[in-house]
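The values are calculated or read from the model by the stated rules, or taken from the named source; none is laboratory data. Just so it is clear, the model here is predicted, and its values are computed rather than measured. As a convention, Cβ positions derive from the backbone with ideal geometry for all residues, glycine included, and neighbour counts pool all protein chains shown. Protein only, heavy atoms only, side chains kept; ligands, DNA and RNA dropped before computing areas. Shrake-Rupley method; radii C 1.70, N 1.55, O 1.52, S 1.80 Å.
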Amino acid sequence: MKLLNICFYITGTSSVLSHHNEFKSKYESIYKNIVSFMFENPTSRFSLSLSGPLVSWIDREHSEFNQIASKLWGRKQTELLGGGYYNPVFPLLFSQDKTGQIDLMTSEIRRCVGKRPRGMTIFNSAWDNSLITCFQSCGMEYVLLDSSLIPKERQCYLPLIVSDQGKSLNVLAVSREFIPNMLIAPREYLRNLFDTINYLTKDDSYNMLTEERVVTVKIDEAQFQKLYESKWLSKLFAAAQEYFQDSIKITLPTEYLRHELVRIPSYIPAGIQSDVAKWARRPYEETVLNHAAQATIFNFLLTYNQNKALYNRMLYISLLINQSKGDKTRKKIAREKLWIAQSGEAYACDPDGIFANNAVRQLAYRNLTEAEKLVRESQNGNFKESVSSYDYNGDGFNEYICAMKQYNACVSLAGAQISELDIIHNTGNYADSPSRIKQFDKFEDKYHRGLFVDHLFSQDEYSEYKKGTPTGSGIFSQVIFKQLDFDAHRHEIKLSGSGTFSPIHANVTLVKKYIANSNGFAIQYILKNESPFDLKGVFVVESNYAQTDFSSVRANSYKVEVITNEEKSEVEVKDSPRSAKKISYAQITDTSNDISFVYEPNEHCDIVCMPIIFRRPSSTSESLTVSGNAFVASLCWNIELEAGKEIEKTINYSIIIPKKKSRKKSSD
């Protein structure tokens, strides 16, 4: 090797939760310094990878940045990299959304800087070979991929070329092991970089084709800030000019690819960069992976149920929008809401192992709900409530999707529970609660914590349950129910499940009927003792509400009011379980959104309410940290069933949303 080409690129990150003040702070401390540094150092070369919202914010608030960037682009000192405007996980999207996000990003860069990007980055290098056609059709000539995805026999520090159905795309591998280190002097860093790559490639067959090699190095905004403030970068480019003029060239990807003719034909299997993939096999545990067991984004979704549930919802809304034939303006706005909800940080963790947090995921749900609302409005009053049955989440069983006036709900055969509840008042998914994991939470929940999860406990088990301790054998929370009847016209779903009441080994069955209406459900239970023994126990209907207050990890946005003996009172629930006896009415209010959930049982029952705290590992601490909580509200009945007898319980469940405030007419 006679010449090493080095392509540095800086990533400017932003979250969907980022706000004006955060952008402003980062601009003053980082982004402004990036273009200032390059303008003052004509020999410097950096590509820039900025998120779409960040590009738009900079153009709106600091157009001088784009003016300087345009001049630097003309001087071949920089180029802006493209990608998806909201940094989505491309393998999860339908074709229309993939091309739409890339084209939006390309158009925004061209509008702001005057030139279009020729290359792109993708979120966490979430790759699939089928993306080649899409990227190439959007005008992309190359993509930067983490080197951990590149097969070992193709890790030769030369550009790769991949193809699919006659379309081809250049790939440059990003080598994280060569990230600049301030503890190493710039001259020594460059010498080590040249010597290392020269040693790794000295005996390979590609030396007969070219005397040059290339390495692509990513620098995040925090690293840039440190390197800039320490003057390390200035010394780097000075050293390259003074000591390595004949052996090292710091360049841009487009410039390099235009003069280097050699391409290594390759096939890159589907995958995601290694520092994310290591979390994809076991929940919140690192796993050592090799190329033979490369994890993909779909492995990640299968491991983290809440992320998979959001993916299911996103696909559903994307299909709704694609099939909509109503108002084009509303449909366009709905698609923009969908694209915001496709931000990758809601579906996977970042390289530090910080998992998609509740606030990001709930914001995605909120945008999806807003998109659904717009699709309904685009139908010019022709929206019709419906209950349909199909395999919504890809688990091999049909779910029941209730698209009603006030909400959209998914009823699952697993536990016959409501596994998703989206209120059409621009809120998130109220059934978005995780389950406890023993190694982190000291307890193990063996069922999904949705809404209307049913249990049959002995008195001893019930005593443990009221303390927040998992107990019982899982009747009916872990049972896969069967469909007895389904009437789409009447919005009725009738399911049946069975199990064994362990204290006396009695067989019991539960018939559960959902009748959906515009404002909620009527839910009917028929519990039958199929054994020759009398049965005494406690029947519990549990609902787990996801938190919507993200001011702190322990925040509780829920207030509980009950009616007992015709008197209304509040059940104050803070850090421990609370209960009330013989209630005839319960109202759970999400104070953050002013939405209430009302339970009206046909017979008096007890209510148990409690917060469930979840702890997870964090990259910033060696100890577990509180990652969030759910609010549990359970209706409980003491039951006595003779052999062969059955008992019926009914709950009317209503959703109350805030009324629109009427505008006062101004006086003449």
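Elements of the type helices (runs of 4 or more DSSP H) sitting completely within the range 303-380 and holding at least 2 residues that are in contact (Cβ under 8 Å) with a residue 12 or more places away in the chain, open to solvent by 50 Å² or more (accessible area, probe 1.4 Å) and under 21 Å from Gln406 (Cα atoms): these cover 328-341, 358-377. Within the range 17-36, how many residues turn out to be out of contact with any helix residue (DSSP H, G or I) (no Cβ under 6 Å at 6 or more places or on another chain) and crowded, with 16+ Cβ neighbours inside 10 Å? Matching residues across the range 17-36 total 5. Of the residues making up the range 563-579, those that are touching a residue at least 24 places away in the same chain (Cβ under 8 Å) and assigned to a strand (DSSP E or B) are Val571, Arg578, Ser579. Leu54 falls short on exactly one of the conditions (1) touching a residue at least 40 places away in the same chain (Cβ under 8 Å); (2) part of a loop (DSSP other than H, G, I, E, B), and that condition is (2). A single member of Ser29, Ser15 is touching a strand residue (DSSP E or B) at 6+ places or on another chain (Cβ under 9 Å), modelled with pLDDT under 95, not in a strand (DSSP E or B) and not basic (Lys, Arg), and it is Ser15. With respect to being more than 26 Å from Thr548 (Cα to Cα), at pLDDT 95 or above and open to solvent by less than 30 Å² (accessible area, probe 1.4 Å), Lys645 falls outside the description. When restricted to residues that are charged (D, E, K, R) and free of Cβ contacts under 8 Å to residues at least 12 places away in the same chain, the range 462-484 contains 1. Picking from residues in the range 630-642 that are under 17 Å from Lys466 (Cα atoms) and of a type outside the set (A, V, I, L, M), the one that is most open to solvent (accessible area, probe 1.4 Å) is Asn638. In summary, Tyr400 fulfils each of the numbered conditions (1) farther than 16 Å from Lys308 by Cα; (2) in contact with a Phe, Trp or Tyr (Cβ under 8 Å, 6 or more places away or on another chain); (3) surrounded by fewer than 18 Cβ atoms within 10 Å (Cβ to Cβ); (4) at pLDDT 95 or above with the single exception of condition (3).
Each residue in the range 37-47 was checked for being surrounded by 13 or more Cβ atoms within 10 Å (Cβ to Cβ) and either charged (D, E, K, R) or within 27 Å of the chain's Cα centre (by Cα) (or both), and 1 of them qualify. For the range 125-132, indicate whether the set of residues that are open to solvent by 30 Å² or more (accessible area, probe 1.4 Å), at pLDDT 95 or above, aliphatic (A, V, I, L, M) and assigned to a helix (DSSP H, G or I) is non-empty. No, because not a single residue in the range 125-132 is open to solvent by 30 Å² or more (accessible area, probe 1.4 Å), at pLDDT 95 or above, aliphatic (A, V, I, L, M) and assigned to a helix (DSSP H, G or I). Checking Pro269, Pro265 one by one, the residue that is surrounded by fewer than 16 Cβ atoms within 10 Å (Cβ to Cβ), within 25 Å of the chain's Cα centre (by Cα) and at negative phi is Pro269 and no other.
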